[in-house]
Amino acid sequence: MDTIEKQVMRKVSRRFLPLLFLCFVAAFLDRVNVGFAAITMNRELGLTATNFGMGAGLFFLTYFIFEVPSNLALQRSGARRWIARIMVSWGLVAGAMAFIQGPSSFYALRLLLGAAEAGFGPGIMFFLTLWFPAAYRAQALGYFFVAMPFASVIGSPISGLLVSLDGVLGLSGWQLMFLVQAAPTIILGVLVWYVLTDTPEQADWLSVSEKQWLIGALQNEHNERISTEEKYGAVLTSPIAWGLGLVFFGIAGLNYGMSFFLPQIIHAFNLSIRTTGALAALPFAVASILMIWWGKRSDSRQERIAHTIIPQILAILGLAASTLVTTPSLKLLFITIACASVFSAIVVFWALVSGDLPPSQAAAGVALVNCVGNLSGFVYPVLIGGLKDRTGGYDAGLQVIAGFGAIAAVGLIVSYARRRRVETTPAYD
């Protein structure tokens, strides 16, 4: 017979995790589907690669600016209301992308999209802390890491198909794509309003005894945490937090650089838009499988540093190698290696962060690392787009972000080598 603990966690998982997984898929897809739109949108609207890179990256600028205010609003209004508000508003803005007229409106709507979506990821993570005791939280978070590549696995073929449907309803294919893919986000936002419950105390779908167990388990963890004051000021001067943030800047940048420009890189093989969509899904399909295996391997060995550094180095080598070959099949192979490796690095990196920060700095430190890393989503597309206009190809831009990734990998290696020496050096009075 199941214990009450298993009963409760099964009910909570079944109620929340499938819906939140779909929400994360929608979030990641709305961030990067602009890469498929660019195949025909750039030419139709007269956007240069620099214009596109700037617009793609501006999303992350307002996402960064409004992330903390959004999190504060979520805590005041409740996760259910605020996450629903986030999803409906970003869905409306994502649909409005169908009506951009040129660089200015493109920039404006990407800025609005970042502001609308700000706080979504951290908001979900905060919501999970209200429902999942620590022993179950890592597994729950694993659903959302997989959602990132999974969004591209299903979204790339669909995006390619929609972009190829010029003339439907009198719209260009890229306009149709923005409208169609915005609709599920709005629908999911409405479902969030009706399905999520802010706290276990409000859960009429749990029995009295189930509520008591869950509230007690979470309260015990809360009592342990409040014995240590959260030192936000200390985080801002913490070399560990800033160092991890810069490492994540290098790792996340590899991901965003490929996600935004991969459709255009593959389409340059003289393939149809639909074939481009199908092939663009391949690197992310491999990533979805490999990242799960690599994360389990890291957990089973309780080793984080090598399991972060090794795939990061493979991602750098794969991306760099893709710029040195001209054969489409080889280029796609190396990009697939890079994509699968970077997602594997991301999974273990967050386990490394949670174990590396002092308990008194954990919450604020994670937020700082996430903010610094996600700024790469602004910087790298601008660099790649600008270099595309100057050189006529994407190779120079990909080499630059591979270089940033290499610097981050070296920094991580040096940092932990120094720390190991300090830990193993005997102290003398």
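Matching the structure-derived Rg and Dmax of the Cα atoms in Å against the labelled list (i) 24.9, 85; (ii) 21.5, 64; (iii) 21.9, 81 gives the label (iii). The order of ASP198, ASP389, going from fewest to most other C-beta atoms within 10 Å of their C-beta, is ASP389, ASP198.
Within straight-line reach of LYS388, meaning a Cα separation under 30 Å, sit the following lysines at least 8 residues removed in sequence or on another chain: LYS331. Quick check: net charge around VAL146, other residues with Cβ under 15 Å of its Cβ, Lys/Arg +1 and Asp/Glu -1? Charge balance in the 15 Å sphere: 0.
A simple count of charges around ALA118, restricted to other residues whose Cβ falls under 15 Å of its Cβ and scoring Lys, Arg +1 and Asp, Glu -1, yields 0.
Rounded to whole numbers, the Karplus 3J(HN,Hα) couplings from phi for the range 66-82 are 9, 5, 5, x, 5, 5, 5, 5, 4, 5, 7, 9, x, 5, 4, 5, 6 Hz, using 6.51 cos²θ - 1.76 cosθ + 1.60 with θ = phi - 60°, and x at Gly and Pro.
Taken one residue at a time, the phi angles of the range 377-392 give Karplus couplings (6.51, -1.76, 1.60, θ = phi - 60°) of x, 8, 5, 5, x, 5, 5, 5, x, x, 5, 4, 5, 7, 9, x Hz. Gly and Pro are set to x. Its DSSP H runs of at least 4 residues, each contributing -39,500 (n - 2.57), put the calculated 222 nm mean residue ellipticity of the chain at -28500 deg cm²/dmol, to the nearest 500.
Values in this text are rule-based calculations from the coordinates and carry no lab data. On a predicted model such as this, the values are computed, not experimentally measured, just so you know. Reconstructed Cβ throughout: ideal geometry from the backbone, glycine too, with neighbour counts over all protein chains shown.
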